[in-house]
Amino acid sequence: MENKQPGNQNRNSFGGPRPNRFRKEKPKDDFKEKVLDLRRVTRVVAGGKRFRFRTTLIIGDGKGTVGVGIGKGVDVQASIEKAKIDARKKLLKINLKGRTIAHEVEAKFSAAHVKIKPADEGHGLKAGGAVRVVLALAGVKDATSKCLGRTPNKLTNALATMEALKQLRA
């Protein structure tokens with residue numbers, strides 16, 4: 001049943017194209033991603049210092065799905081890939097009420113304290129730093145937020161925003 005004719009080397013026995021086992025096809029998705037924070041972290045050992053990279057990455061589809069991931073690696077690209085995998089594992093689906101959230105939410109994570117309020121259509125996204133990135137990638141276009149905790153840490157502010165979004169009811 002084999003196709004032994006010349007010119008049919010790239011066909012399987014059913015006449016269809018032969019799958020390429022060596023080139024991995026990445027699944028197409030509509031997630032946008034943004035590297036929020038990229039830090040070089042150090043571990044002191046007997047021979048000196050060992051450097052690694054920690055990446056905080058946010059992915060979202062702009063339609064109510066968002067995730068925050070953290071990855072560490074020897075080089076920047078490896079840490080970004082690990083953060084992307086981690087963010088996909090921690091995806092959160094929120095129900096949007098038009099272009100905004102349904103009600104006011106407030107959450108705390110570590111030293112970060114975040115308050116998010118819905119806004120009228122056309123008001124815009126009035127938020128700063130990590131909160132703005134998380135809300136924008138989630139698809140929230142009209143909202144107001146305030147970071148009440150006095151921490152400049154982007155990672156904890158992003159995780160506090162995720163905790164606040166988890167409190168949203170339909």
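Nothing in this text is a laboratory measurement; each read-out follows from the coordinates by a stated rule. If you're wondering where the values come from, they're calculated on a predicted model, not measured in any experiment. With ideal geometry, Cβ positions are generated from the backbone for all residues, glycine too; neighbour counts draw on all protein chains shown.
For this structure, a couple of remarks:
- Calculated translational diffusion coefficient of region 96-166 (20 °C, 1.002 mPa s; Stokes-Einstein with Kirkwood radius over alpha-carbon pairs) equals 184 µm²/s.
- DSSP bridge orientation in region 96-166 - percent antiparallel, rounded to nearest 5: 85
- Neighbourhood net charge (15 Å Cβ-Cβ; Lys/Arg +1, Asp/Glu -1) for Ala119: +4
- Spin-label model distance (nm) - Leu91 vs Val35, 7 Å beyond Cα toward Cβ: 2.3
- Counting 0.36 nm for each residue step from Lys63 to Ala102 and taking away their Cα separation leaves a gain of 12.6 nm.
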